[in-house]
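K.L.:
The structure's right below; bear with me while I get my questions together.
The values are calculated or read from the model by the stated rules, or taken from the named source; none is laboratory data. Just so you know, these numbers come straight off a predicted model, no measurement behind them. Cβ coordinates were reconstructed from backbone atoms using ideal geometry, including for glycine residues, and neighbour counts include every protein chain displayed. Calculation scope for accessible area: heavy atoms of the full protein, side chains included, ligands and nucleic acids excluded. Shrake-Rupley method; radii C 1.70, N 1.55, O 1.52, S 1.80 Å.
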Amino acid sequence: MTRTILGFILVALGLAALAFLPTQLGAYGVGLLLGMTGYVVLASAWALFSGPTRYVSLATVAFFGIGAYTVAVLSETLPYWAVLLVAAAIGLAVALVVGLATLRLAGVYFVIFTFGLAELIRQLVTWYEVNVTGTLGRYIFLPITAEQIYWQLLGLAAITIAIGWFISRSRLGLALKVVGDDETVAAHTGINIAGVKLALFAVSATIITLVGAIQAPRWTYVEPSIVFNPTISFLTLIMALLGGANRLWGPALGAIPLFLLFEWLSANFPNHYSIILGLMFIAIVFVVPRGVLAGVEDLTKRMRRGEAAK
């Protein structure tokens, strides 16, 4: 109990420091913080579902884009807080429909479907904009500063990590571990596999939708190629895998350094960015398939065993 309370105090102090940080930085620094925090939330939300179940989802950008476009469409007719609620509701509804239809798939079939879902939604939005509204994108004019966007994302990051902490210590977390290890065994132990997977997929998708909605005012102009860029899904996946999708702080640990590295690569090697991204993904899968945190834990255990043997 003492360790838990101390942990909460340290996290609260860390959040307070992070919330104060934008006041000491310029516009470029705040932009970096904003983007970094957004990917921390995306990777952590992705890991809520894909970490324990081992279902590799590439639908991140589908829900991210839904959130952004909801703000673009409704920002002139509804208050900002109401637009966020509507975006979350739409993301939740889409996740429930998609989850009910597809979570019985597994392995490469689920990966292919989620990638196809993101592309399908992008094409549908593009068709609607071109053929119905007569334009390709929309403008967003909201009196929201970069600092306010960052604070919203920081709060959402804290909520996402808190949800992950709660799940890991609940019966739901135990059920997810069993489902991830062997769904047949989970079914025989009486676990509602479909219900557990659907609940986590819906929570994860709703958070990702909110990330897109919160970040939308950052762009003055929004079009499908911007908010439905598949690179968002791949970056989120790589970040979560690097840190460790099965660890509470793993996605954040992977998101922070990789975001800074990708920012540098995109600025200095714009023509080779995609190639480098693919090579890094391959390297992470082969070198640290379980994530950096798991590798550090294994190394620590080996060192302790070596010391005990002496």
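K.L.:
On the given criteria, is L33 hydrophobic (A, V, I, L, M, F, W, C), within 16 Å of I149 (Cα to Cα), touching a residue at least 24 places away in the same chain (Cβ under 8 Å) and surrounded by 14 or more Cβ atoms within 10 Å (Cβ to Cβ)?
P.N.:
Answer is yes for this residue.
K.L.:
Could you say which residue among A27, A59, A72, A68 is among the hydrophobic types (A, V, I, L, M, F, W, C), in contact (Cβ under 8 Å) with a residue 12 or more places away in the chain and in contact with a Ser or Thr (Cβ under 8 Å, 6 or more places away or on another chain)?
P.N.:
Checking each option against the conditions leaves just A59.
K.L.:
Among the residues of the stretch 1-55, write down those that are within 21 Å of L176 (Cα to Cα) and either over 12 Å from the mean Cα position of the chain (by Cα) or not in a helix (DSSP H, G or I) (or both).
P.N.:
Listed by number, the residues that qualify are P52, T53, R54, Y55.
K.L.:
Within the stretch 220-238, which residues are polar (S, T, N, Q) and under 25 Å from A252 (Cβ atoms)?
P.N.:
Passing the criteria: N229, T231, S233, T236.
K.L.:
Let me ask something else. Please enumerate the residues belonging to the stretch 258-288 that are in a helix (DSSP H, G or I) and open to solvent by less than 60 Å² (accessible area, probe 1.4 Å).
P.N.:
Hits for the stretch 258-288 are L258, F259, F262, L265, S266, Y273, I276, L277, G278, M280, A283, I284.
K.L.:
Going through I159, I149, I167, I144 one at a time, which residue ends up being part of a loop (DSSP other than H, G, I, E, B) and closer than 30 Å to L13 by Cβ?
P.N.:
Selected residue: I144, the only one of I159, I149, I167, I144 that is part of a loop (DSSP other than H, G, I, E, B) and closer than 30 Å to L13 by Cβ.
K.L.:
Which one of the conditions (1) within 22 Å of N246 (Cβ to Cβ); (2) open to solvent by 60 Å² or more (accessible area, probe 1.4 Å) does L48 fail to meet, given that it meets all the rest?
P.N.:
Result: L48 fails condition (2) only.
K.L.:
So if I check each of A255, A202, A213, A245, which one is under 24 Å from V73 (Cβ atoms), among the aliphatic types (A, V, I, L, M) and surrounded by 22 or more Cβ atoms within 10 Å (Cβ to Cβ)?
P.N.:
Just one listed residue meets the conditions, A213.
K.L.:
Restricting to the stretch 110-131, count the residues that are out of contact with any Phe, Trp or Tyr (no Cβ under 8 Å at 6 or more places or on another chain), farther than 17 Å from Y69 by Cα and surrounded by 13 or more Cβ atoms within 10 Å (Cβ to Cβ).
P.N.:
5
K.L.:
Would you say Y39 is open to solvent by less than 60 Å² (accessible area, probe 1.4 Å) and hydroxyl-bearing (S, T, Y)?
P.N.:
For Y39, the condition - open to solvent by less than 60 Å² (accessible area, probe 1.4 Å) and hydroxyl-bearing (S, T, Y) - is met.
K.L.:
Need the failing condition index for R104 against (1) more than 18 Å from the chain's Cα centre (by Cα); (2) assigned to a helix (DSSP H, G or I); (3) of a type outside the set (S, T, N, Q), just the number.
P.N.:
Looking at each condition in turn, R104 falls short on (2).
K.L.:
Could you tell me whether any residue of the stretch 132-139 is within 20 Å of Y80 (Cα to Cα), touching a helix residue (DSSP H, G or I) at 6+ places or on another chain (Cβ under 6 Å) and surrounded by 15 or more Cβ atoms within 10 Å (Cβ to Cβ)?
P.N.:
Looking for residues that are within 20 Å of Y80 (Cα to Cα), touching a helix residue (DSSP H, G or I) at 6+ places or on another chain (Cβ under 6 Å) and surrounded by 15 or more Cβ atoms within 10 Å (Cβ to Cβ), one finds at least one in the stretch 132-139, hence yes.
K.L.:
Please count how many residues of the stretch 205-237 are within 14 Å of L58 (Cα to Cα) and aliphatic (A, V, I, L, M).
P.N.:
5
Here's the yes/no breakdown for (1) without any contact (Cβ under 8 Å) to a residue 60 or more places away in the chain; (2) under 23 Å from I90 (Cβ atoms); (3) under 13 Å from the mean Cα position of the chain (by Cα):
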position	(1), (2), (3)
T220	no, yes, no
F228	no, yes, no
S233	no, yes, yes
L241	yes, no, yes
E263	no, no, no
